[in-house]
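Quick note: the coordinates plus some simple rules give every number you see, no bench work behind them. Being a predicted model, the structure only gives us computed values, none of them experimental. Cβ placement follows ideal geometry from the backbone for every residue including glycine, while neighbour counts extend to all protein chains displayed.
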Amino acid sequence: MANENLPAQFPNDPTSLKAIDQFRALMLNYRSAVQVVETKIHYLDQEYQIQNGHTLVDSLQSRIKSPESIIEKVQRKHLALNLQTLPDQMHDIAGIRVIVRFEDDILSMERRLEKQPDIKILKRKDYVSKPKPNGYRSLHLILAVPVFLAAGVQEVTVEVQIRTIAMNFWASLEHELSYKKNVHHQDELRRELIAKAELVHQLDQDMNGIKNQIRAEENI
Ligand code: 0O2
């Protein structure tokens, strides 16, 4: 008899059904981990506001990688498609993007996350001071956070990307271009984006400088 909860293309054999349940349980861990980290970031932001009179976070975005996107990355990176080893091999199944207004705020948020006793920073990629050749800027952290399950506590990894509004504006358009196959003048547009990344960087630095001047005078 067909399982009513599953799409028709899934075979109704016990091995596949077990794998589907394991996959669902794994994704639940990632959703729980995202909630834990999001709550923490909201709390840290409110605390920062009480201490400094202004917020650190402009907005938060989160996502769990889709099964299609997991499989695409498994193939691209020649990983084993195995539910047991997947969490050790792929650290960005759960992702949170923290958008801040100023470049200084990126490190302020990182420092606050670092001080959390229940969070471990497993990996740090600083594309802010060392941008990618295409102009991409962002700070990437791979965090390990505890998730409390009926069977015990499990450490789950979450990728946190911290970037300014301007960096995010640039990255969203660059991301759009990289997913479009039939855009004419790809190379020319890529060159233009590299040049605009420099402008975005200049704008970020100028805005950061003006902000520092305003706040220094505020404290005189
Ligand atoms: P999506 O749609 O955001 O999920 P690693 O995992 O360390 O072995 P990887 O995956 O290349 O290697 O890690 P990296 O460099 O930390 O990048 C992971 C994510 O950062 C990407 O996820 C993007 O979200 C973002 N990113 C990295 N480089 C670029 C870039 O050049 N342009 C833009 N717009 N975003 C970038 P996904 O899975 O590619 O996509």
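Tabulated data
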| read-out | value |
| --- | --- |
| Alpha-carbon Rg/Rh ratio, for the range 67-164, with Rh computed the Kirkwood way | 1.01 |
| Fluctuation leader among 64, 210, 121 - the chain, Gaussian network, Cα springs under 10 angstrom | 210 |
| Long-range HN-HN contacts of residue 149 with modeled amide H, under 5 Å | 154 |
| Under the Karplus curve 6.51 cos²θ - 1.76 cosθ + 1.60, θ = phi - 60°, whole-Hz ³J(HN,Hα) for the range 25-31, x wherever Gly or Pro sits | 5, 5, 5, 5, 4, 5, 5 |
| Rounded tilt (10° steps) of 103-114 against the dominant C-alpha axis of the chain | 50 degrees |
| Rg [Å, one decimal], Dmax [Å, integer] - the chain, C-alpha atoms | 20.6, 76 |
| Estimated D of the range 77-134 in µm² per second, where Rh is the Kirkwood radius over Cα pairs and Stokes-Einstein applies at 20 °C, 1.002 mPa s | 150 µm²/s |
| The range 184-201 - phi-based ³J(HN,Hα) in whole Hz, Karplus 6.51/-1.76/1.60, Gly and Pro as x | 6, 6, 3, 5, 5, 5, 5, 4, 4, 5, 4, 5, 5, 4, 5, 5, 4, 5 |
| Rel. contact order, % - alpha carbon contacts under 8 angstrom, at least six apart, the range 17-166 | 27 percent |
| Footprinting exposure proxy for 55, 164 (fewest neighbouring C-beta atoms within 10 Å first) | 55, 164 |
| Helical mean residue ellipticity (222 nm; -39500 (n - 2.57) per DSSP H run of 4+; nearest 500) of the chain | -17500 deg cm²/dmol |
| Shape call, the range 111-220: gyration tensor on alpha carbons, a/c limit 1.5 | oblate |
| Per-residue HN-Hα couplings for the range 116-133 [Karplus 6.51, -1.76, 1.60; θ = phi - 60°; Hz; x = Gly/Pro] | 6, x, 9, 10, 10, 9, 8, 8, 9, 10, 9, 8, 8, 7, 10, x, 5, x |
